[in-house]
Every structure is written in C-alpha cells, then in structure tokens.
Amino acid sequence: MRALLITGPGRTELAEVPEPVPAAGEVLLAVEATGLCGTDLHLVHDGGPESAGPLIPGHEVVGTLLELGSGVDDLRPGQRVCVDPLLACGSCRLCRAGRRNLCTRRSAVGITRPGGMAERLAVPAAACWPTTLPPERAVLAEPLACALHGVDRAGVRTGPALVLGAGAMGRLVAAALTARDGAGDPDRADAPDGAVRDVTDRPGITVADISAERVAQARDGGATACLVAELPELPVRRWDLVVDAAGSADTVALGLARVSRGGIYLQIGVLPRGATVPFTPFDIYDNEIVVTGSRSVLCTVDRAVALLERDERVGRGLVTHRHRLEDAATAFEQLAAHVGVKHVIGAAQREERSCA
C-alpha cells in the first residue's frame, strides 16, 4: 500500500510499504481522512522519533473498519470510527492515578507508531470510537478532544475567557468553552464585524489573533457564540481564564499579563523545546494566578465525537484545504506557511477491499 514517510529532518516521501496486519485486540482501517496539525510539523522538522526509522505520521485519523483481529467483538466491519491516538501502558504510577496522557511508557498513533497518512492502518480496537459523522467532520474529533481536556484542566465553569489564537485549536477551545454550563454569551454572536467596543465588563469568550485573515475566517465560520478580534484591538482588561492556543512566546507573555486576580492561565499551544518567556513571579504570587498546561487527550475522544454529532456549529468552517495522499508534502508546506486553517488528507483507495 502507499504511505507518506518521514525519512529524516525536513524529508518526506510517498512510498510503497507492507500491508498492516491487525494483531489480537486490533482492527484494520481503510483510512478516509487524516488531519494535519502543528505536532506533525514538529515531527517533519525533527525527522520523527530518534532511532525509530521512517515514520508514517498522522494522529487525527478517521477510517472504516475492514478487518477485526482476534478478541474484538464490540465493533463490526463497515463502521466508521475516530481514533484516539494515545496508547498508554495502563499500569504505571501516572496511569493508575488517571493521568494516562502523561504515561512515560506511552505510544501514539502517527507519532511513535504508524499513523493515518497511509491507505490502511492497524490500531487497537480500544482506541476506536464509532461515529456516523462524515469523514471531513469526524476528523476534528481528536483536536476537539485535546481542547476538551484543556478545558477540564482549567477547571472553570463560568466567567469571561480569552483565547489567544484563532486557528483550528483556538476555535475548538472556544467551542469547548462555549459548551460549558453558562459559559456562552449568545447575544454576542451577531455583533457587527465582531466589534470589541462593548466587550469590557461582559462575560463570554473572546478569541484574538494577530492575523486579520484568521480573524475573518473565524468570524465567517460562526461556530461559537464568541467575540473575535485582532490583537491590536484587544481591550485593556483582564480575563478569569486566558488560554494560549497560538504557541508563540509573544502570545504567552501577553496572556500571562491578561489574567485577572485569582484567575487561571492555560497553556495548550505548543512552543519549541527550550523556548523561554519573561514573566513577573510577583504577579503570580500576589494575584494567586494558577498556571497550568494541557497535553494531548485524556479520555475525551468520545465526548468530542458526541459534541460534534449534537452541535453542527462546532468546527464549522475549520477545514479549508483538502489534499490527496500523494499531495501530502504540499499540505505540509502550506500548513507551515499558515495557509488556511485545517488541512485534511484523504487516502484514496487504489483497490477494493471487502468489508465482509
């Protein structure tokens, strides 16, 4: 079958690779759609895991079940499923404490083991969540699950929130926040041009980005009842919750300075290893600000699927670019150049496989 391989730092190639065979407790999927995100860019830049050899990337995966390995009896061929890419050991101290996303022996689909940028993929059945969503919408389940875990980490149920970054993750975080009890501010949804003049002292969610194009795309998407603004327009105020979904040193510094007294700062955007940001520890102390981080998913893929199925506004307009598997290298280039929002690769099947 065909698959995209990361063969070294900055190098990818489309190649013929052996067909995957589902082991006991695994299933074989015909990959329908795979989303790209910043993690994939980091993998390409770094050349994949050390000493792992060529890697098939892609952890935001949707596919149709082709074959079931032995011991799998709760799924059936022909079902469409979303994949939870996080595979924890289940027995270490962190797994036993319910923090399997921090498992030091974890593996991950598309990161340490073959991923979805291929025609077919074998994954554990326990990582599959059936859905009736179309592939282009179902592919948002994994990034939305990351956003939901971030909101869980923040732990707040109400109050004004600022999300820095109007890309895919920022908008999905806004959707996750809007889904909180009492967090939405629906009468802001129809604000002309997302005007910011009367947001001060109002509850609700503000999404801000330095890119006018991203701001326009977020406004046009209309996916959440939130206000959208360019960073230069941001009111001089503080928010109970500030989330950095942009992953830049500048937005982190800005976000820490915009947390209200007694508020929470959440880091969900990924910065390069070794990146540093200046901040004032006295402000953290004096205002009792909680600073926390969120990585990956944590038993949230099923909730993400359910949210996408019940609310069509969530994720609307996020998928802006669609690519064939053979055009994956171009997709990576466009993502790195911040072209569009969400890029999705569909692995067209060259041969028919029975689902019987």
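The values are calculated or read from the model by the stated rules, or taken from the named source; none is laboratory data. From a predicted model like this one, the values you see are computed outputs, not experimental measurements. Don't worry about glycine lacking a Cβ; one is built from the backbone with ideal geometry, like all the others, and counts go over all protein chains shown. Ligands, DNA and RNA are stripped out before the accessible areas are found, and what is left, the full protein with its side chains, is counted by its heavy atoms. Shrake-Rupley method; radii C 1.70, N 1.55, O 1.52, S 1.80 Å.
Could you check how much of the accessible area of segment 225-308 is carbon and sulfur, as a whole percent, using a 1.4 Å probe?
Accessible surface attributable to carbon and sulfur in segment 225-308 totals 55 percent.
Equivalent-ellipsoid semi-axes (√(5λ), Cα gyration tensor) for segment 51-94, whole Å, largest first? Please report the intermediate quantities before stating the final value.
Numbers: eigenvalues 108, 64, 27 Å².
Value: 23, 18, 12 Å, ordered largest first.
Name the long-range amide H neighbours of residue 294: under 5 Å, sequence gap of 5 or more, or other chain; modelled H, no Pro or chain starts.
267
Quick one: of the DSSP bridges fully inside the chain, what percent are antiparallel, nearest 5?
For the chain, the DSSP antiparallel bridge percentage is about 55.
Any idea of residue 1's accessible area? Nearest 10 Å², probe 1.4 Å.
20
Within segment 25-108, which GluC sites (Glu not before Pro) sit in a loop by DSSP and count at most 11 neighbouring Cβ atoms inside 10 Å? Spell out each step's value before the answer.
Working: sites: 26, 32, 50, 60, 67; in loops: 50.
Listed in order of number, the matching sites are 50.
Based on the Cβ-Cβ distance from residue 313 to residue 105, what FRET efficiency comes out when R0 is 41 Å, to the nearest 0.05?
Efficiency at R0 = 41 Å is approximately 0.60.
From the phi angles alone, apply the Karplus equation (6.51, -1.76, 1.60; θ = phi - 60°) to segment 17-26 and give each ³J(HN,Hα) in whole Hz, x where the residue is Gly or Pro.
10, x, 5, x, 10, x, 7, 4, x, 10
At 1.4 Å probe size, with no ligands or nucleic acids counted, give the accessible surface of residue 323 in Å², nearest ten.
Rounded to the nearest 10, the figure is 30 Å².
With a 10 Å cut-off between alpha carbons and a GNM built on the chain, which of 262, 315, 47 moves the most?
Of 262, 315, 47, the most mobile in the Gaussian network model is 262.
In square angstrom, what is the accessible area per residue of the chain with a 1.4 angstrom probe?
Numbers: 15950 Å² over 356 residues.
It amounts to 45 Å² per residue over the chain.
Can you report the principal axis dimensions of segment 251-356 using only the alpha carbons, biggest first, rounded to whole angstrom?
64, 33, 23
Compute the normalised compactness of the chain: alpha-carbon radius of gyration over 2.2 N^0.38 Å, N being the residue count.
That works out to 0.99 for the chain.
Using a 1.4 angstrom probe on heavy atoms only, work out the carbon and sulfur share of the accessible area of segment 1-146 in %.
Accessible surface attributable to carbon and sulfur in segment 1-146 totals 53 percent.
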